[in-house]
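Since the structure comes first, as structure tokens, the remarks are kept for the end.
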């Protein structure tokens, strides 16, 4: 049990600092954003599992030789109002920490999801007051605002595309079509769900620098994924020109534009008007070959291994029995 706890602790440390830092600095994720997103999700899941698992296994050492049997013995002892004689303060502290950390992460995910949905509904109500329908584009509303803005608001029975008057004046019809295709790709690929999950991770661990780094890296990757989806139906030239023109003109100005709900990408927002726009334009205009299939397979295999390894460490004895 002690060896398992130490192994999980080492894995948790690796996934909390050196591995995410190396991934955030690597160049290949921009060539394979889909595989990189899978890897980021595996890092987050395996990291949380390893952190909680290390504390849990260490805390349950006095109760058994493997996690499932030790957990059962612990429950029986707690119900009977007794503890093993060799249980010490540090083990009980680790056990309490595992429970508190797990509950904290879960509740924060629920809270972030609820908050995002509440703000989305509030945003829809604001749009009805502050925007006008666009007859020639069903499901599209226009905000009378000079800043070039475009985003697609998820919802039922269908999503709502929101454009600003400044964007309509800035872009040509072909460029506007490219922007719309990009924004609709976010909704069809459910990127808002992924952003909410990483937002929850960041808000749950604000003292954890890697959570912020992961959130930023994932934000760029979903932009690249949406570009890949959009350029199946629009030209790369129009999309890259639209991104560049919006980034150059997207200086925020005062006005009554509705607040962005969490988990939404907005063309023209400060986060995408600088480095992200440069990265997107560079990728759209880059004629280099995409990532090799062998590298993509290696990344996906590594992502699977990251989740499988802590699971086997925690449940290995049960799986072998």
Checklist entry - Between the helical axis of 173-188 and the dominant principal axis of the chain, each derived from Cα atoms, what acute angle in degrees is found, rounded to the nearest 10? => result 20 degrees
Item to check | Most fluctuating residue given options 107, 224, 176, as computed from a GNM of the chain linking Cα atoms under 10 Å | outcome: 107
Checklist entry - How large is log10 I(q)/I(0) at q = 0.13, 0.31 Å⁻¹ when the Debye formula is applied to the Cα atoms of the range 58-108, each weighted equally and without solvent? => result -0.32, -1.19
Checklist entry - So for 186, 145, fewest C-beta neighbours within 10 Å to most, what's the order? => result 145, 186
Checklist entry - Pick from 16, 277, 165: which residue has the top mean-square fluctuation in a GNM of the chain where Cα pairs under 10 Å get a spring? => result 165
Item to check | Shape call, the range 205-250: gyration tensor on alpha carbons, a/c limit 1.5 | outcome: oblate
Checklist entry - (1) 19.1; (2) 23.1; (3) 22.0: which one is Kirkwood radius over Cα pairs in Å as calculated from this entry? => result (3)
Checklist entry - Using a Gaussian network for the chain with springs between C-alpha atoms less than 10 Å apart, which of these wobbles most: 142, 110, 246? => result 110
Item to check | Contact order relative to length of the chain, as percent, for alpha carbon pairs under 8 angstrom and 6 or more apart | outcome: 24 percent
Checklist outcome for this item: Packing-ranked peptide list from 294-301, 113-120, 187-194, 56-63, highest mean Cβ count within 10 angstrom first, is 56-63, 187-194, 113-120, 294-301
Next on the checklist: Based only on other Cβ atoms within 10 Å, what is the fewest-to-most ordering of 32, 92?
Outcome noted: 92, 32
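Only the coordinates and a few stated rules stand behind these numbers; no lab work does. Values in this document were obtained by computation on a predicted structure and should not be read as measured data. No Cβ is skipped: glycine too gets one built from the backbone with ideal geometry, and neighbour counts run over all protein chains shown.
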